[in-house]
1. Among the residues of region 389-397, is any within 31 Å of the chain's Cα centre (by Cα) and either buried (at least 21 other Cβ atoms within 10 Å of the Cβ) or not in a loop (DSSP other than H, G, I, E, B) (or both)?
2. Can you list residue pairs whose Cβ atoms sit under 8 Å apart, with the first residue in region 234-257 being within 14 Å of V270 (Cβ to Cβ) and the second being basic (K, R) and in a loop (DSSP other than H, G, I, E, B)? Count only pairs 6 or more apart in sequence or on different chains.
3. Cβ-Cβ below 6 Å, separation at least six or inter-chain, first residue in region 315-330 and more than 17 Å from L359 (Cβ to Cβ), second outside any loop (DSSP other than H, G, I, E, B): which pairs?
4. Taking V234, is it in a helix (DSSP H, G or I), of a type outside the set (K, R) and surrounded by 22 or more Cβ atoms within 10 Å (Cβ to Cβ)?
5. Can you tell me which condition Y512 does not meet? The list is (1) at pLDDT below 95; (2) not in a strand (DSSP E or B), and all the others hold.
6. Examine region 313-323 for a residue that is assigned to a helix (DSSP H, G or I) and over 22 Å from M423 (Cβ atoms), and state whether such a residue exists.
7. Helices (runs of 4 or more DSSP H) wholly in region 43-110 with at least 1 residues that are modelled with pLDDT of 75 or more and either small (G, A, S) or exposed (fewer than 13 other Cβ atoms within 10 Å of the Cβ) (or both) - which ones?
8. Does A426 qualify as being surrounded by fewer than 18 Cβ atoms within 10 Å (Cβ to Cβ) and either under 22 Å from the mean Cα position of the chain (by Cα) or within 21 Å of G522 (Cβ to Cβ) (or both)?
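The values are calculated or read from the model by the stated rules, or taken from the named source; none is laboratory data. Source: prediction; values computed, not measured. As a convention, Cβ positions derive from the backbone with ideal geometry for all residues, glycine included, and neighbour counts pool all protein chains shown.
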Amino acid sequence: MNPRSRIVVVTVGLALAFTTVSVRLIWIQLVKQQDYREEAIKLHTCGEPVPAQRGSILDVSGRVLAQSVPQLEVRIDGKIFSERPQELPTLANLLGVSAEWLKGQIDPQNRYQKIADGVNADLEGKLRTAQLRSIRFERKTVRDYPNGTETSQVLGFVNLRDQELGSDRTVSFEIGEGGIEKSMDRYLKGVAGERRIIRDAKRREIPYFRLSDRPARDGYHVVLTIDQSIQHIVEREADRLVEQFQPENLHILVVRPATGEILAMASRPVFDPNHRDTFQPDGMKPRAIADAYEPGSTFKVVTLAAGLNEGVADLNTTFFCENGQMMMAGRVLKDHEAYGLLSLREIIAKSSNIGMAKLAALLGEEKLHEYARLFGFGARAQKGEGMLPGEIAGTLHPLKNWTKVSMTRFPMGYEVAVTNLQMALAYAAIANGGKRMEPRLIKAVVDRDNRVVMQFLPKVVCQVIRPETAKSVTEALRGVVSDEGTAGEAQVPGFTVAGKTGTAQKYTAEGYVSKYRSSFIGFLPADKAEFLVSILVDDPKGKKYYGGQVAAPAFREIATHVAEQLNLDRGAVVASREKL
């Protein structure tokens, strides 16, 4: 090939080479620019979430009921350890475990296996001084419930949800799974931040870009209406009832009638949110809102209030109680004693079924049903944000489903299913001059500087009965808590108490059986109620099963100590109301 031809070939070759390179550059810089840019960002940039500190749950006085506490874990890199087995004796000695046990925990294929948690500062210092290359430290938070089982069904619990940050690391977030932890999770959990890490070509972090980090916003604190001192009083009495009567279950509520605030709520069985391995479904259930039952005689207050408010009778109106037995709608209706002529006041005090059925007949089924609905039965009591999960509506059958027998059963608290919360709020309405309040379990949401983010104020649902009617019902209920009534054992020295007992037979697949639900609901001082206590004991064992024998003495015990806790006395009731 002559020189001229060689020049042509070389020139063409170079042209083709430059053309190929140019096309490739055009392809990279114009066509695939975005793809390669994203790939470069992935290689040099990474972001990881910064978990927010979960907020605490506090009682009404600011005492901690639930909090997240920092905890240090020690993890071992199985791959590095396989290359440095000489670290085993030192690590085992510092952790206080045997070398054989520790060796059995290590898997060369499993990097960062947890081998210890809850590491204190002293041990951390020793481990760092030892300069063991096979271990790493992982900081996290653990949810702690300082009072153990107390208030556990209200508080609920949290689970940890892991988020992968590559092949060798995860970050855990606390997620509410029950109670207030669940219903207020969006306030408690805060907002996670993000740490952006920019690396150079040698994979070294460029510190300047830390300025673009987004800090986490820690969760807010949730302040409950629960008073831990009152809660402790209730929990202690619940334990005593369990020990004495071995019931199937029980639940107790303490409510402030004027505001609807729940001061205490306890159930048995119970669970400890600090010990996950002991969780049982029965213990986690907030029975005061989640169990429906036929209330029995405590429901008679609805019939009484309706009759008085409609003017069909007054407390002095008399009814012949048929000497303890009568036929109504083809069924026998009995009293527990052979009563003759009784005033309405005495009918309530002695809890006569026959007298109450005769009052209901004067009132009529439509009015009776209407007042039951006004008192809140057949519907969930909690509304809006901050509700405790698990509440049921109970059962208030529509009138079209009533039978002729219904008017002999409904006025006495049968053929209706209620919750303890519904019953407590119905009595609270009477104690509050006829105004039914919406229940409140949350007082406020506050930030880390104790500034109010959201406040939950008292809310009136409706005026169920006139104030003067409420006063007359209260007067009748005071007669129940007397030596002539069924709740003589509910009397609290130094205070006037209004309340009602209930002893309802339990219904099973075999019909009504010789098992009972014993209850008492009462408030004090009767004329200006500061608090109300509602107690239900399901199937107490032994010879005592009447509400006046089982629940009334428990009320006296709780009410006596709650009155002391609230600094109530006969000369300072009004002053303490202003203070609270």
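1. There is at least one residue in region 389-397 that is within 31 Å of the chain's Cα centre (by Cα) and either buried (at least 21 other Cβ atoms within 10 Å of the Cβ) or not in a loop (DSSP other than H, G, I, E, B) (or both).
2. P247/K541
3. Close Cβ pairs satisfying both conditions: Q325/K334.
4. Here the answer is yes, as V234 does meet what is asked.
5. Tallying (1) at pLDDT below 95; (2) not in a strand (DSSP E or B), Y512 fails exactly one: (2).
6. yes
7. Numbers: elements: 78-83, 88-95, 99-105.
Per the criteria, 88-95, 99-105.
8. Numbers: surrounded by fewer than 18 Cβ atoms within 10 Å (Cβ to Cβ): no; either under 22 Å from the mean Cα position of the chain (by Cα) or within 21 Å of G522 (Cβ to Cβ) (or both): yes.
Against the criterion (surrounded by fewer than 18 Cβ atoms within 10 Å (Cβ to Cβ) and either under 22 Å from the mean Cα position of the chain (by Cα) or within 21 Å of G522 (Cβ to Cβ) (or both)), A426 does not qualify.
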